[in-house]
1. If a paramagnetic tag sat 7 Å from the Cα of Gln118 along the Cα-Cβ line, which residues of the stretch 61-104 would have the backbone N under 17 Å from that point?
2. Could you give the length gained on full extension between Phe136 and Ala234, defined as 0.36 nm per residue of separation minus the Cα-Cα distance, in nm?
3. Can you give me the distance in nm between label points at Gln197 and Ser16, each placed 7 Å from the Cα along the Cα-to-Cβ direction?
4. Could you work out the Kirkwood radius for the stretch 1-87, taking every pair of different alpha carbons, averaging 1/r and inverting it, reported in Å?
5. Using the Karplus curve 6.51 cos²θ - 1.76 cosθ + 1.60 with θ = phi - 60°, work out ³J(HN,Hα) for each residue of the stretch 245-255 in order, rounded to whole Hz, and write x for Gly and Pro.
6. Determine, for each peptide in 147-156, 217-226, the mean count of other beta carbons within 10 angstrom over its residues, then list the peptides with the highest first.
7. Helix-derived [θ] at 222 nm for the chain: sum -39500 (n - 2.57) over DSSP H runs of at least 4, divide by residue count, nearest 500?
8. Once you have the Kirkwood Rh of the stretch 34-131 from its Cα pairs, apply Stokes-Einstein at 20 °C and 1.002 mPa s and quote D in µm²/s.
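Only the coordinates and a few stated rules stand behind these numbers; no lab work does. All values reported here derive from a predicted model rather than from experimental measurement. Neighbour counts run over all protein chains shown; Cβ positions are idealised from the backbone, glycine included.
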Amino acid sequence: MPAIFFGHGNPMNAVSSNAYTDAWRRIGEETPRPRAILCVSAHWFVPGTSVTIGTAPRTIHDFGGFPRELYQVQYPAPGDPELARRVQQMLAPLPVELDESWGLDHGSWSVLCHVYPQADVPVVQLSIDETQPPAFHYEIGRKLAPLRGDGVLVVGSGNLVHNLHAYAWGRHVPEPYDWAIRFEETAKKLLLAGDDQPLVDYESLGRDALLSAPTPDHYLPLLYVIGTRQRDDAVTFPVEGIDGGSVSMLTVQLEPRK
């Protein structure tokens, strides 16, 4: 299976039809059908590492101030307790809690509702431990890499560039900030070169990186995905664009060369 990092952007993408959602739908149509999805979302950013074990994870509307139609969206994908337990075993001796209270937050379902609109692929979410450095998250990706060979689609959902202080909320859509463009181009070059270490140590990439990822939550899901990289993987960017001047919608896909 490939491994994919989605730039999910505005939650309204869940109920919109645009260039981003059209591209997500094409990814679902063109990607080999997975037996399950393991998703790392920017919006489950908590102390400790947990994995959802429920058989029917709830749709979490973890945002405020949006139109009513967004709160009515349900994404009733089943869970996969067997996969959750396997993830727990693969990450040992790291303590991983089997969580029955969390479900699918909008980092997962706002994208997956386009990729797999029938909600018929089981989904398990893995939390991001907010207390750990970037190298920790990259290493978890490395440990989970064998899942790709077993029909599991490893998904990261966040945004390479995510600066909401600079975002154009409801205003005229501005040109992307120069620092956002530069950081995205730097990241793409590193991804294509297979040079992961500067991406792990992203804060050392200077002012552009600090403006693009002022908090780590939306950036770290990328590290889980590139941690699964295999020697023969090709890197492609099936979705590109910067929304509101300061949110990158870049999708990064790793898949075996054909």
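1. Only 75-79 fall inside the zone, counting backbone N under 17 Å.
2. Details: separation 98, 0.36 × 98 = 35.28 nm, distance 2.40 nm.
Contour length minus the Cα-Cα distance gives 32.9 nm.
3. That separation, rounded to one decimal, is 3.9 nm.
4. Values: mean 1/r = 0.0657 Å⁻¹.
So the Kirkwood estimate lands at 15.2 Å.
5. x, 9, 10, 7, 9, 4, 9, 10, 10, 9, 8
6. Details: 147-156: 20.7, 217-226: 26.3.
Put in order of decreasing packing, that is 217-226, 147-156.
7. Working: 9 runs with 81 residues, N = 258.
Mean residue ellipticity at 222 nm (helix-derived): -9000 deg cm²/dmol.
8. Details: Rh = 13.7 Å.
The Stokes-Einstein estimate is 157 µm²/s.
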